[in-house]
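The values are calculated or read from the model by the stated rules, or taken from the named source; none is laboratory data. No experiment lies behind these values; they were computed from the predicted model shown. Virtual Cβ from ideal backbone geometry, glycine too; neighbours counted across all protein chains shown. All accessible areas refer to the heavy atoms of the entire protein, side chains included, with ligands and DNA or RNA removed. Shrake-Rupley method; radii C 1.70, N 1.55, O 1.52, S 1.80 Å.
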Amino acid sequence: MSRRAAGIFTRPEVAAAVGAVLIWVLLAGAAGPAFRSMAGTASYLNAAAPLGILAVGVALLMIGGEFDLSVGSIVGVSGMSVMLLTTEPAWSVWPAIAATVVICLLIGFLNGLTVVRTQLPSFIVTLATLFILRGLTIAAARGFTRRTQLGGLDDVAGYEFARVVFGSAPVAGLRVSIAWWLGCAAVATWVLLRTPWGNWILAVGGQPEAARNVGVRVARVKVGLFMTSALCACLVGIIQAVRFTGADALRGQLQEFYAIIAVVIGGTLLTGGYGTVIGAVFGALIFGMVRQGIVMAGIDADWFQVFLGGMLLLAVFVNRYVLVRAQRAS
Amino acid sequence: MNGAALPRLEARDVSMRFGGVVALEDVSLAARAGEVTCLLGDNGAGKSTLIKILVGVHAPTRGACLLDGEPVRFRSPMEALSRGIATVYQDLAMVPLMSVWRNFFLGAEPTSGRGPLRRIDVERCREETRAELAAMGIELRDPDQVVGSLSGGERQAVAIARALHFGARVLILDEPTAALGVRQSERVLQHVRTAADRGVAVIFVTHTPHHAHPVGDHFVVLRRGRVVADEPREALPVEELAALMAGE
Ligand SMILES: Nc1ncnc2c1ncn2[C@@H]1O[C@H](COP(=O)(O)OP(=O)(O)O)[C@@H](O)[C@H]1O
Ligand SMILES: [Mg+2]
């Protein structure tokens, strides 16, 4: 029992959980009842959910030792793909969603394949994809419709059910996207901690040569991770297209950085091999609380980015400390 | 031990050239079950090259490898591993930030449940890791502790225990004591002996005669890619082994 208790402080996500509680207390004090109310709670959870979904995929990928800077652009691709497929070939909503998922998985596959084949840093490869995909999304939207913002998804067959699944707010202002977020996080946590794939992800990020030496298919694991992060981004794009009944070619910009920040705040190492999905959940939660909370506290929203950068730096220092302790002993 | 028995893994008249560099010239080595075959030589003598040929990293320019007397040509260390030839690499054996049990079962995780609910049998992993290490005389405080918190000697022990657990018939250790202090080296030498006593054919690579001599049954000394001695322990006192190494 005491061994477990001592081990707790070397868990990567614990600092993020403690940080989330502290920030809640701070904001509950500064912003008052507006923050503590059900409506306030719903507003920061709703804000955290899309980022939280992205962070699940990015966390797994970063634990596997890679970056994906293209997830924000994939959010844009995903929403625009749903809109274009329901307007140009005039498909109904569900086939458009299915095709969009396939497109995004293909993008993730190509990201991964490029990284494992060229051995280039994924930072560079996906930085390139960030721009390529964003440019293609804008060009495709303009090319087909002469606009970069499309609406009217609610007039398409199948929308009502899609709204229930992706865009509704069934209880007390809490959006269904929160359930997607927590569901994705639960599945990813289970995969990471309880399945052979999780073991391979940790190994591939920690010491790829050692993993290869015992027969782990490093390239396959990495490609799978890029497909997973693309799938998470795809889901966010679909959720937003359904909720806003349309798409904007610029949707998702900067989200790749926010996702990395949430993951790092959650205790995952930038160098890979160490981290958790639960930590990233807390990272996204902190992001949502701060973003909504400082507005409720009457602080100018411009300060949000200052807070975000500051928390990132702090998190990196805490992570380094936790790592040293974990290596010293359990 | 049983010198007349068929060698389990053998390199026969192997030569290796890298461009103009002759790394090995007509080298033979035979590893027998239950024996520690020591491969000695100074830096650059060709020890690692020979090992890499045995496990399929390189194809030899000339010569052949035999497993249980049958010619084999592995295309990768993975193929060699699947035939029971396990290699423990000096620094690349373990993932430091992963727990001991995760490392132990990496790539061969025992699972329970089926389909999408197939999951690692964590309790079994913990128990078996603890038991296998205890069998090598290492009391693990906690199978969940990260490998990075183990000493260098303990890490080698985990790697050796893992190879034995997964039924290695041949165990190749490339300079497992090179980065270790005296006491840690002694522990690792014990583990090397343990592996052979369990019937494994061990190939122990080192450039330290004083590490090789206490545990070795047979010594092959390389110098600049050629075999300069291939002797059983009885025929080669440690002074002579050291002198051979020094090139006298
Ligand atoms: N991949 C390679 N390409 C070219 N030369 C090599 C390669 N691997 C080893 N050599 C050369 O072969 C010789 C033997 O090296 P090696 O087997 O690593 O020696 P040891 O392990 O005994 O120190 C050295 O001269 C080394 O430079
Ligand atoms: Mg060597």
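Within 16 Å of ligand 2 (Cβ to nearest atom) and either more than 9 Å from chain A (Cβ to nearest Cβ) or of a type outside the set (V, I, T) (or both) - does that describe any residue in the stretch B:60-77?
yes
Report, by residue number, each residue of the stretch B:187-210 that is more than 15 Å from ligand 1 (Cβ to nearest atom) and either surrounded by fewer than 21 Cβ atoms within 10 Å (Cβ to Cβ) or not hydrophobic (A, V, I, L, M, F, W, C) (or both).
B:R187, B:Q190, B:H191, B:R193, B:T194, B:D197, B:R198, B:G199, B:H210
Take the stretch B:164-186 and flag every residue that is open to solvent by 10 Å² or more (accessible area, probe 1.4 Å), under 21 Å from B:P96 (Cα atoms), away from ligand 2 (no atom under 16 Å from the Cβ) and not aromatic (F, W, Y).
Selection gives B:L164, B:H165, B:G181, B:Q184.
For residues that are more than 9 Å from chain A (Cβ to nearest Cβ) and in contact (Cβ under 8 Å) with a residue 12 or more places away in the chain, tally how many sit in the stretch B:128-163.
25
Let me confirm something: among B:K47, B:K52, which residue is under 25 Å from B:T208 (Cα atoms), within 14 Å of chain A (Cβ to nearest Cβ) and within 16 Å of ligand 2 (Cβ to nearest atom)?
After applying the criteria, what remains is B:K52.
Of the residues that make up the stretch A:135-155, is at least one buried (at least 24 other Cβ atoms within 10 Å of the Cβ), of a type outside the set (V, I, T) and modelled with pLDDT under 95?
Scanning the stretch A:135-155 turns up at least one residue that is buried (at least 24 other Cβ atoms within 10 Å of the Cβ), of a type outside the set (V, I, T) and modelled with pLDDT under 95.
Take the residues of the stretch B:92-109 that are part of a loop (DSSP other than H, G, I, E, B) and not hydrophobic (A, V, I, L, M, F, W, C): which is farthest from A:V216 (Cα to Cα)?
The selected residue is B:P96.
For the stretch A:181-199, what are the residues that are facing chain B (nearest Cβ under 10 Å), open to solvent by 50 Å² or more (accessible area, probe 1.4 Å) and closer than 27 Å to A:F166 by Cβ?
Those that are facing chain B (nearest Cβ under 10 Å), open to solvent by 50 Å² or more (accessible area, probe 1.4 Å) and closer than 27 Å to A:F166 by Cβ: A:V187, A:W190, A:W197.
Take A:A219 and decide whether it is open to solvent by less than 30 Å² (accessible area, probe 1.4 Å) and assigned to a helix (DSSP H, G or I).
no
Sort out for me the strands (runs of 3 or more DSSP E) sitting completely within the stretch B:12-84 that have 1 or more residues that are open to solvent by less than 10 Å² (accessible area, probe 1.4 Å).
Answer list for the stretch B:12-84: B:21-31, B:36-41, B:62-67.
What is the residue count in the stretch B:211-241 for residues that are open to solvent by 30 Å² or more (accessible area, probe 1.4 Å) and within 16 Å of ligand 2 (Cβ to nearest atom)?
3
Identify, by number, the condition in (1) away from chain B (no Cβ under 14 Å); (2) modelled with pLDDT of 95 or more that A:F35 doesn't meet.
Result: A:F35 fails condition (2) only.
With the stretch A:240-330 as the region, which helices (runs of 4 or more DSSP H) entirely inside it contain at least 2 residues that are in contact with a Phe, Trp or Tyr (Cβ under 8 Å, 6 or more places away or on another chain) and either surrounded by 23 or more Cβ atoms within 10 Å (Cβ to Cβ) or away from chain B (no Cβ under 14 Å) (or both)?
Helices (runs of 4 or more DSSP H) meeting the threshold: A:255-265, A:277-296.
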